[in-house]
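Right, one structure below, let's go through it.
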Amino acid sequence: PLWKVRNVCCIGAGYVGGPTSAVIASKNPSVGVTVTDINERRISAWKSNRLPIFEPGLLETVQEARDGSASRRPNLFFTTDIEAAIGAADLIFVAVNTPTKTSGRGVGRASETGFLESAIRTIAEVAETDKIIVEKSTVPLGTAGLIREILDAIGNPGVHFEVLSNPEFLAEGTALKDLLLPDRILIGSLSSPSGISACDTLRNLYSTWVPQSKIITTHLLSSELAKLAANAMLGQRITNVNSLSAICEATGANIEEVSNAVGLDFRIGPKMLNASVGFGGSCFKKDILSLAYIAETLHLPEIAAYWTSVLELNEYQKDRFAQRIVRCLYSTLTNKKIAILGFAFKKNTGDTRESPAISICQALLDEGAQITLYDPKVPKHQIWADLVCNGGEGTEENITICETAYQACHDVNAVVILTEWDEFSNRQPVEPARMDWERVAKTMRQPRYVFDGRNITDAVELQKLGLRVEHIGKSL
Ligand code: NAD
Ligand code: UGA
């Protein structure tokens, strides 16, 4: 028989827990969805109209379910009372962070599952009724098995727990779109009758908006590995293109033409083939490290080395770009002013985790540059934390954080684009929000370079304004 789900709880109110819960609540008005977190500031932000994360369309979706309207009752709640939320829930998503370990066995490679274990312990201690526990966080292979062991060891013996794996595939900046129109929903479960019944229960929650054909079910281990594999293969794909961009720069071939020609092969496809300064974000590096570490612990060193090489090349791409800037600016940045446009790891997010901008700015500061920096969504304190507080090269003397792109570009020797925000592009169609490069060009100092690390500008148009332009994977 199916479980009856009246209340859902999500532990972890971050980039995954918040948007995912908002969409589940919005699409299941008869189910109460409570999002809970140990971070009080985050929870009070979710209760306000200044949400803790920026995602296009998120505020509207949250407001619809959280605040209700004449035609629907509120069914999305935020609280720090984790015990109460767990107690009332029939199904619990665990969407806590699983960062790379900073100490102990597997330091710098394995994923830290301590936050997840702590959430599971709380569930085990609090639960007095049967629960389905859904592993939403990205975890090492075999974690669902460990969760079952913990629950068996410390859970109330009269309570039945079923553990599912349901990894999340949303990308930041397009979270709502990805959640509303997913390529697939993956649910891993045990093949026992109660495992399959729990799986069908979770399927029903998604079926209110996702077609059945897009909901696939697998064994728990396959589901856990598929999530790591998807991120590893996406990161590797970008690295493939970035490695070719170096060949393009050395020869005169054009990476956009190469990507386009390759991507037209139906077997390869056109997406995730944009050359860049390197990939960033909280997950590609963490998950590739985790996959390599898993391979190593399975005594498969060749497999570990294969995936590790993707990360080494990604570091090389960032470093290569920074060195190119230094080389073009006559091999010294002392007394040079450089504008940085974009600090987030990609457009339409304020997230800077593993942003390539961090290491590129550090490299430029290390060469003595004065940096003026503008990003439309990253808060000032975050830039400060990334460049100054964490032992970086930045100081109040060599970094200025600006309110507009024009302010950042005023009187600089070079402009460096590190995030592909639309407002920095000069490609058609021109929208009022796009910046006026002619105005920028007029205020720049010689040698007036634009280093476009995202290939979002039309070089010919910029050259007409007297700017020197360097793109990734193109020698102009
Ligand atoms: P996040 O850091 O934004 O949010 C995690 C939240 O969990 C934090 O607010 C933290 O305070 C909370 N938390 C930690 N331990 C807790 C506990 N014991 N009880 C209650 N709350 C607790 O992380 P995120 O980006 O949302 O990622 C969460 C997971 O989802 C990770 O495993 C990540 O790999 C995976 N993932 C992330 C994305 C993404 O785009 N960010 C996409 C797919 C999957
Ligand atoms: C990625 C995956 O795309 C999601 O499916 C996954 O759920 C998520 O990781 C996760 O597990 O956290 P995300 O990191 O948010 O999502 O964003 P992406 O769009 O994948 O971009 C990652 C990085 O690659 C960014 O720095 C982006 O600028 C860069 N990128 C992307 C390129 O350099 N070239 C491309 O063609 C695409």
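The values are calculated or read from the model by the stated rules, or taken from the named source; none is laboratory data. Keep in mind it's a predicted model, so treat the numbers as computed, not measured. Note that each Cβ is placed from the backbone with ideal geometry, even for glycine, and that neighbours are counted across all protein chains shown.
For segment 155-184, enumerate the residues that are modelled with pLDDT of 95 or more, within 13 Å of ligand 1 (Cβ to nearest atom) and not charged (D, E, K, R).
Ser165, Asn166, Pro167, Phe169, Leu170, Ala171, Thr174, Ala175, Leu176, Leu179, Pro182
State all residues of segment 146-196 that are more than 16 Å from ligand 2 (Cβ to nearest atom), of a type in the set (D, E, K, R) and under 29 Å from the mean Cα position of the chain (by Cα); if no residue qualifies, say none.
Arg148, Glu162, listed by residue number.
Please state which one of Ile371, Ile401, Ile456 is at pLDDT 95 or above, β-branched (Val, Ile, Thr), closer than 30 Å to Asn240 by Cβ and crowded, with 19+ Cβ neighbours inside 10 Å.
The conditions single out Ile456.
Of the residues Glu315, Glu302, Glu367, which single one is among the charged types (D, E, K, R) and over 26 Å from Phe424 (Cβ atoms)?
The match here is Glu302.
Give me the pairs, please: first residue somewhere in segment 110-123 and farther than 24 Å from Trp307 by Cβ and of a type outside the set (Val, Ile, Thr), second residue anywhere and surrounded by 21 or more Cβ atoms within 10 Å (Cβ to Cβ) and modelled with pLDDT under 95, beta-carbon distance under 8 Å, and either six or more positions apart or on two chains.
none
Of the residues that make up segment 62-80, is at least one among the charged types (D, E, K, R) and crowded, with 24+ Cβ neighbours inside 10 Å?
The answer is no; no qualifying residue exists.
Restricting to segment 277-313, what's the tally of residues that are more than 19 Å from Glu168 (Cβ to Cβ), in contact with a Phe, Trp or Tyr (Cβ under 9 Å, 6 or more places away or on another chain) and assigned to a loop (DSSP other than H, G, I, E, B)?
Here the count works out to 2.
Condition first: touching a helix residue (DSSP H, G or I) at 6+ places or on another chain (Cβ under 7 Å), closer than 15 Å to Asn455 by Cβ and of a type outside the set (Gly, Ala, Ser). Now tell me which residues in segment 226-269 satisfy that.
Val241, Asn242, Leu244, Cys248, Asn254, Ile255, Val258
Looking at this structure, is Ser309 under 24 Å from Val415 (Cβ atoms) and without any contact (Cβ under 8 Å) to a residue 24 or more places away in the chain?
Details: under 24 Å from Val415 (Cβ atoms): no; without any contact (Cβ under 8 Å) to a residue 24 or more places away in the chain: yes.
No, not satisfied.
Restricting to segment 114-145, give me the number of residues that are over 25 Å from the mean Cα position of the chain (by Cα) and within 15 Å of ligand 1 (Cβ to nearest atom).
Residues of segment 114-145 that are over 25 Å from the mean Cα position of the chain (by Cα), as a first pass: 121-132, 145.
Right, trim to within 15 Å of ligand 1 (Cβ to nearest atom) and you get 121-127.
Final tally of qualifying residues: 7.
Of the residues Ala344, Ala363, only one is in contact (Cβ under 8 Å) with a residue 40 or more places away in the chain, under 26 Å from Thr443 (Cα atoms) and under 19 Å from the mean Cα position of the chain (by Cα); which?
Ala344
Among the residues of segment 31-61, which ones are buried (at least 18 other Cβ atoms within 10 Å of the Cβ), small (Gly, Ala, Ser) and under 20 Å from the mean Cα position of the chain (by Cα)?
Answer for segment 31-61, where residues must be buried (at least 18 other Cβ atoms within 10 Å of the Cβ), small (Gly, Ala, Ser) and under 20 Å from the mean Cα position of the chain (by Cα): there is none.
Hey, does segment 404-411 have a residue that's in contact (Cβ under 8 Å) with a residue 60 or more places away in the chain, within 18 Å of Ser276 (Cβ to Cβ) and in contact with a Ser or Thr (Cβ under 9 Å, 6 or more places away or on another chain)?
The answer is no, given that none of the residues of segment 404-411 is in contact (Cβ under 8 Å) with a residue 60 or more places away in the chain, within 18 Å of Ser276 (Cβ to Cβ) and in contact with a Ser or Thr (Cβ under 9 Å, 6 or more places away or on another chain).
With within 9 Å of ligand 1 (Cβ to nearest atom) and either assigned to a loop (DSSP other than H, G, I, E, B) or in contact (Cβ under 8 Å) with a residue 24 or more places away in the chain (or both) as the only criterion, which of Pro29, Pro52 stands out?
Just one listed residue meets the conditions, Pro52.
What are the pairs, 6+ residues apart or on separate chains, where a residue within segment 159-188 that is touching a residue at least 40 places away in the same chain (Cβ under 8 Å) has its Cβ under 6 Å from a residue that is among the basic types (Lys, Arg) and not in a loop (DSSP other than H, G, I, E, B)?
Hits for this filter: Val163/Arg148; Pro167/Lys227.
Filter segment 218-268 down to the residues that are touching a strand residue (DSSP E or B) at 6+ places or on another chain (Cβ under 7 Å) and closer than 25 Å to Lys136 by Cα and list them by number.
Thr218, His219, Leu220, Ser222, Ser223, Glu224, Ala226, listed by residue number.
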